[in-house]
Amino acid sequence: MATDPKAVRAIVERIKSLPTIPGVVQELCSMVEDENTSAEEVGKLIGSDQVLSAKVLRLVNSSYYGFPGRISTIPHALVLLGFSVVKGLVLSASVIDIMQEGIAGLWEHSCGVSMVCGNLARRLEIPDPEEVTVAGLLHDLGKVMLSVEMTREFNEIIARQRRERCSLREAEEAVLGNLNHAIIAAWLAEDWRLPMRLVEPIRFHHNPTRAETAPKQTAIVHLADVLTRSFCFGHGGDPYVPALDASVFRTLDLSWRDLGAFVATLPAEFEELDTSIFE
């Protein structure tokens, strides 16, 4: 059993089938940070991967994002939506196949968290809300890694969770020596060279006060995870709703009344959410 954090990280790093994202995505993350990058250059880069381009166009024209009108090409999407939005779409399209593996119901849960993240970010006028939706989609990627690539350890985690009736995260830390799915997912995000605006919400979605670079994005993912679990949309790996960290109200300048008004919209949003558009 791997109880030493260094031993667990070594396992993750030596897995030959470690999920990868296209080099296109890594290059895109660098390009969009450069103010001299043109829409033509970004469009050409994304267009070089036909499968990825098709997935992006399917997403951008789906009800999940709700953009008006028909968008038929990547350059058209860039002109209408901007670099940051298209980058979020590319990242979402890149992890679809990875996230649909593993725990039953986890994909639906991740889509629910992603949807809540986007809606909340737009409501609070957080910059680049589509990037926050990507963080929501990826926040539980570590659970997929554990279930698919570390089966023996994961089976022990599930057995401990059921036996002790604790959260999956508590069982992970007991078996893996204070490591959990959030840390493992953050390692993977770092290996993918994703920006800290994505890495921090993934790593600290259970501990939002620890975020330094992206505190608001992390608070949103934390809150979205709690809300999605509260509505029992999908399955996060255990039957429990995580405790809400009250710091999110201060970080997001959010009142209980504001939250109540937002929560009132969620039943209809979950009812309408079609997770099959990612398949």
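The values are calculated or read from the model by the stated rules, or taken from the named source; none is laboratory data. Computed from a prediction, not measured in an experiment: that's the story for all the values here. Every residue, glycine among them, receives a Cβ derived from its backbone with ideal geometry; neighbour counts consider all protein chains shown.
Restricting the range 67-122 to residues that are free of Cβ contacts under 8 Å to residues at least 60 places away in the same chain and aromatic (Phe, Trp, Tyr) leaves a set whose member that is farthest from residue 29 (Cα to Cα) is 67. Taking the condition of being under 27 Å from residue 265 (Cα atoms) and surrounded by fewer than 17 Cβ atoms within 10 Å (Cβ to Cβ), how many residues in the range 81-95 meet it? So the count comes out to 1. Number of residues in the range 87-130 that are at pLDDT below 85, acidic (Asp, Glu), within 30 Å of residue 258 (Cβ to Cβ) and not in a loop (DSSP other than H, G, I, E, B): the value is 1. The condition (being among the β-branched types (Val, Ile, Thr), within 12 Å of the chain's Cα centre (by Cα) and over 17 Å from residue 224 (Cβ atoms)) is satisfied by just one residue among 71, 96: 96.
Every residue, every condition in (1) among the hydrophobic types (A, V, I, L, M, F, W, C); (2) touching a Cys at 6+ places or on another chain (Cβ under 8 Å); (3) in a helix (DSSP H, G or I), yes or no:
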residue	(1), (2), (3)
40	no, no, yes
45	yes, no, yes
56	yes, no, yes
68	no, no, no
72	no, no, no
76	no, no, yes
80	yes, no, yes
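Annotation: of all residues in the range 231-269 being hydrophobic (A, V, I, L, M, F, W, C) and touching a Ser or Thr at 6+ places or on another chain (Cβ under 8 Å), the one that is farthest from residue 110 (Cα to Cα) is 249.
Could you please find all residues in the range 110-129 being out of contact with any Gly (no Cβ under 6 Å at 6 or more places or on another chain) and of a type in the set (S, T, N, Q)?
Step one: filter the range 110-129 for residues out of contact with any Gly (no Cβ under 6 Å at 6 or more places or on another chain), giving 110-111, 115-116, 118-128.
If the condition is that a residue be out of contact with any Gly (no Cβ under 6 Å at 6 or more places or on another chain) and of a type in the set (S, T, N, Q), then 110, 119 are the ones that fit.
Tell me whether the range 154-168 contains one or more residues that are crowded, with 20+ Cβ neighbours inside 10 Å, under 24 Å from residue 117 (Cβ atoms) and either of a type outside the set (A, V, I, L, M, F, W, C) or touching a helix residue (DSSP H, G or I) at 6+ places or on another chain (Cβ under 7 Å) (or both). Yes, there is a match, as at least one residue in the range 154-168 is crowded, with 20+ Cβ neighbours inside 10 Å, under 24 Å from residue 117 (Cβ atoms) and either of a type outside the set (A, V, I, L, M, F, W, C) or touching a helix residue (DSSP H, G or I) at 6+ places or on another chain (Cβ under 7 Å) (or both).
For (1) free of Cβ contacts under 8 Å to residues at least 12 places away in the same chain; (2) surrounded by 15 or more Cβ atoms within 10 Å (Cβ to Cβ); (3) over 18 Å from residue 146 (Cβ atoms), each residue gets a yes or a no:
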{"residue": "171", "(1), (2), (3)": "no, yes, no"}
{"residue": "180", "(1), (2), (3)": "no, yes, no"}
{"residue": "212", "(1), (2), (3)": "no, no, yes"}
{"residue": "223", "(1), (2), (3)": "no, yes, yes"}
{"residue": "244", "(1), (2), (3)": "no, yes, yes"}
{"residue": "248", "(1), (2), (3)": "no, yes, yes"}
{"residue": "252", "(1), (2), (3)": "no, yes, yes"}
{"residue": "265", "(1), (2), (3)": "no, no, yes"}
{"residue": "275", "(1), (2), (3)": "no, yes, yes"}
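How about the range 158-174: which of its residues are part of a helix (DSSP H, G or I), over 30 Å from residue 93 (Cα atoms) and within 24 Å of the chain's Cα centre (by Cα)? Steps first, answer last, please.
Residues of the range 158-174 part of a helix (DSSP H, G or I): 158-164, 168-174.
With over 30 Å from residue 93 (Cα atoms) added as a condition, the list becomes 159-164, 170-171, 173-174.
161, 170, 171, 173, listed by residue number.
I'd like to check something: does the range 209-222 contain any residue that is touching a Phe, Trp or Tyr at 6+ places or on another chain (Cβ under 6 Å), outside any helix (DSSP H, G or I) and within 19 Å of residue 126 (Cβ to Cβ)? Within the range 209-222 (the criterion being touching a Phe, Trp or Tyr at 6+ places or on another chain (Cβ under 6 Å), outside any helix (DSSP H, G or I) and within 19 Å of residue 126 (Cβ to Cβ)), the answer is yes, since at least one residue qualifies. Within the range 32-66, how many residues turn out to be more than 18 Å from residue 193 (Cβ to Cβ) and surrounded by 17 or more Cβ atoms within 10 Å (Cβ to Cβ)? Count: 9. If you go through the range 143-154 and keep only what is in a helix (DSSP H, G or I) and at pLDDT below 90, you end up with 144, 145, 146, 147, 148, 149, 151, 152, 153. Could you tell me whether residue 194 is part of a loop (DSSP other than H, G, I, E, B) and over 19 Å from residue 6 (Cα atoms)? It is true that residue 194 is part of a loop (DSSP other than H, G, I, E, B) and over 19 Å from residue 6 (Cα atoms).
On the stretch given as the range 40-60, residues that are at pLDDT below 80 and farther than 16 Å from residue 94 by Cα total 0.
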